[in-house]
Amino acid sequence: MKYYSTNKIVPKVSFKQAVVKGLAPDKGLYFPSKIKKLPIGFFKNIGYFTNEEIAYEVIKQFIKGEIPEKDLKKIIEETINFDFPLVHIDENIFTLELFHGPTMAFKDVGARFMARCLGYFNKQDDTQKVTVLVATSGDTGGAVASGFLNVEGVDVVILYPSGKVSDVQEKQLTTLGKNITALEVNGTFDDCQAMVKTAFLDDELTKVLNLTSANSINVARWLPQMFYFFFAYKQLKNNNLNIVFSVPSGNFGNICAGLMAQKLGLPVKQFIASTNVNDVFPNYLETGNYIAKPSKQTISNAMDVGDPSNFVRILELFNNNIVELRKQLSSYSFTDDETIEAMKEIMKTSNYIADPHGAVGYLGLKKYEISQNTCGIFLETAHPVKFLDVIEPVLNIKIELPKQIKEVIDKEKIAFKIDNYNQLKQHLLTS
Ligand SMILES: *Cc1c(COP(=O)(O)O)cnc(C)c1O
């Protein structure tokens with residue numbers, strides 16, 4: 001499979017090159033040059049397949065010829081070795097829990113898959129070591145740290161804003177050691193991201209280091225997210241219902257994977273991109289104008305994005321046709337107050353603890369007003385324990401720490417403090 005850049009200036013590349021590069025040299029995002037529908041029999045019989053078999057069928061066309069079947073199956077097995085339960089909430093509303101992985105957010109799947117693909121390519125040609133450089137506002141750092149731990153030939157450097165991630169999140173990215181290094185930046189998330197961007201454009205660095213990114217612009221993080229939508233479909237007992245997915249969205253990688261799943265033939269009636277007050281995308285659908293804005297801080301902070309990076313991929317999927325796009329995708333924005341009310345409502349009606357991101361997804365379904373023969377599924381993208389400071393006072397409960405969190409919370413934090421780009425560069429050149 002070849003991948004082209006959405007800016008269409010640079011030549012097409014292989015899957016491997018797209019993974020190693022991350023962003024295309026013309027600053028476009030890589031996109032598969034062909035998307036083939038899966039056979040009808042696959043959907044009919046999906047109930048008989050294991051998750052691993054489903055994932056293999058879904059991803060194989062995108063990697064064909066570059067990772068042999070046996071190795072790809074092993075990568076998949078190691079990537080999704082936990083549960084993805086569909087939980088009934090109320091009448092025709094379900095939630096798909098994507099937080100049973102090691103860092104308890106849905107980003108685990110993409111990070112683990114990408115790490116293993118890079119590890120595989122590295123073993124094959126023994127090229128130069130790859131350095132993954134990533135800025136995080138919270139969840140990405142932990143998922144990438146855990147996903148890449150002990151992957152041979154790959155070093156990971158994570159930049160995070162000092163004092164601006166939760167305790168759990170900080171422990172998840174600073175306590176692993178080995179090939180994972182954490183840099184605690186005296187600044188904001190935007191400062192971290194700016195430093196990472198500067199590094200990618202710094203010839204002195206890129207001459208000596210194979211730098212790549214690990215955010216959702218990377219095809220190996222983006223594409224495996226398609227699995228979730230198939231796993232949900234498999235668990236729905238009555239396949240005659242129309243399916244509506246509501247995806248809490250920030251950089252729009254997850255929902256863009258859902259739209260890809262639909263391209264592969266998954267019968268989905270409608271997608272809803274649910275956002276917090278960072279409402280660039282709902283505004284775009286309404287007005288036809290895309291106007292990026294600085295991000296605003298909210299209680300669903302993993303979605304505090306003012307210029308969603310996967311927007312261009314969504315346009316690509318619909319050939320820039322906003323009329324067609326509006327038929328498949330609705331989008332609504334919600335305030336923190338509305339999110340808190342939704343968390344209380346879900347608790348009251350269903351005795352279910354939703355995290356703020358899931359609650360935004362729930363609100364999207366409610367606003368869309370699903371009809372009788374339809375079922376609505378909102379994605380639960382993080383475990384409530386990751387947002388204790390928001391949830392416990394709102395719902396007046398105590399949440400028990402799951403074992404994944406207990407394992408890291410008492411470990412010693414190791415992070416190097418940096419103030420500016422030069423210190424990052426020095427660190428990269430000397431370590
Ligand atoms: C990253 C994240 C999101 C947003 O996902 P995108 O693919 O960036 O739209 C939503 N919820 C949680 C908990 C996340 O960590």
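The values are calculated or read from the model by the stated rules, or taken from the named source; none is laboratory data. No experiment lies behind these values; they were computed from the predicted model shown. So basically every Cβ, Gly included, is an ideal-geometry build from the backbone, and we count neighbours across all protein chains shown. Areas reflect the complete protein model, heavy atoms only, side chains present, ligands, DNA and RNA absent. Shrake-Rupley method; radii C 1.70, N 1.55, O 1.52, S 1.80 Å.
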Checklist entry - Name the residues in region 136-166 that are open to solvent by 10 Å² or more (accessible area, probe 1.4 Å), more than 18 Å from Gly177 (Cα to Cα) and away from the ligand (no atom under 14 Å from the Cβ), would you? => result Ser162, Gly163, Lys164
Next on the checklist: Under 8 Å between Cβ atoms, which residue pairs at least 6 apart in sequence (or on different chains) link something in region 322-348 that is without any contact (Cβ under 8 Å) to a residue 12 or more places away in the chain with a partner that is open to solvent by 50 Å² or more (accessible area, probe 1.4 Å) and assigned to a helix (DSSP H, G or I)?
Outcome noted: none
Next on the checklist: If I filter region 116-129 down to residues being open to solvent by less than 20 Å² (accessible area, probe 1.4 Å) and at pLDDT 90 or above, which single residue comes out as farthest from Ser249 (Cα to Cα)?
Outcome noted: Phe121
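Just wondering, is there one or more residues in region 315-328 that are among the hydrophobic types (A, V, I, L, M, F, W, C) and farther than 24 Å from Glu369 by Cβ? Talk me through it step by step, then tell me what you get.
Quick first cut of region 315-328, residues among the hydrophobic types (A, V, I, L, M, F, W, C) only: 315, 317-318, 322-323, 325.
Okay, now just the ones that are also farther than 24 Å from Glu369 by Cβ, so 315, 317.
Yes; the residues of region 315-328 include at least one that is among the hydrophobic types (A, V, I, L, M, F, W, C) and farther than 24 Å from Glu369 by Cβ.
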Next on the checklist: Among the residues in region 269-289, are any of a type outside the set (Gly, Ala, Ser), open to solvent by 10 Å² or more (accessible area, probe 1.4 Å), part of a loop (DSSP other than H, G, I, E, B) and touching a residue at least 60 places away in the same chain (Cβ under 8 Å)?
Outcome noted: yes
Checklist entry - Tally time: how many residues in region 354-384 are away from the ligand (no atom under 12 Å from the Cβ) and either part of a helix (DSSP H, G or I) or in contact with a His (Cβ under 9 Å, 6 or more places away or on another chain) (or both)? => result 7
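Out of Glu66, Glu77, report the one residue that is of a type in the set (Asp, Glu) and either more than 20 Å from Ala115 (Cβ to Cβ) or within 22 Å of the chain's Cα centre (by Cα) (or both).
Values: Glu66 fails: either more than 20 Å from Ala115 (Cβ to Cβ) or within 22 Å of the chain's Cα centre (by Cα) (or both).
Only one candidate qualifies: Glu77.
Could you list, in sequence order, the residues of region 167-185 that are assigned to a helix (DSSP H, G or I) and either open to solvent by 40 Å² or more (accessible area, probe 1.4 Å) or at pLDDT 95 or above (or both)?
Correct list: Asp167, Lys171, Thr174.
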Checklist entry - Being within 16 Å of the ligand (Cβ to nearest atom) and not charged (D, E, K, R), is that true of even one residue in region 121-135? => result yes
Checklist outcome for this item: If we ask which residues in region 143-192 are among the polar types (S, T, N, Q) and farther than 15 Å from Lys413 by Cβ, their number turns out to be 5
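A quick yes/no check of all residues on (1) at pLDDT 95 or above; (2) among the hydrophobic types (A, V, I, L, M, F, W, C); (3) over 22 Å from Ile89 (Cβ atoms); (4) open to solvent by 60 Å² or more (accessible area, probe 1.4 Å):
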position: Arg313; (1), (2), (3), (4): yes, no, yes, no
position: Phe318; (1), (2), (3), (4): yes, yes, yes, no
position: His357; (1), (2), (3), (4): yes, no, no, no
position: Tyr362; (1), (2), (3), (4): yes, no, no, no
position: Leu379; (1), (2), (3), (4): yes, yes, no, no
Checklist entry - Which one of the conditions (1) within 16 Å of the ligand (Cβ to nearest atom); (2) open to solvent by 50 Å² or more (accessible area, probe 1.4 Å); (3) over 29 Å from Lys197 (Cβ atoms); (4) not in a helix (DSSP H, G or I) does Gln297 fail to meet, given that it meets all the rest? => result (3)
Checklist outcome for this item: The strands (runs of 3 or more DSSP E) lying wholly within region 1-115 that contain at least 2 residues that are open to solvent by 10 Å² or more (accessible area, probe 1.4 Å) are 2-5, 86-90, 93-97
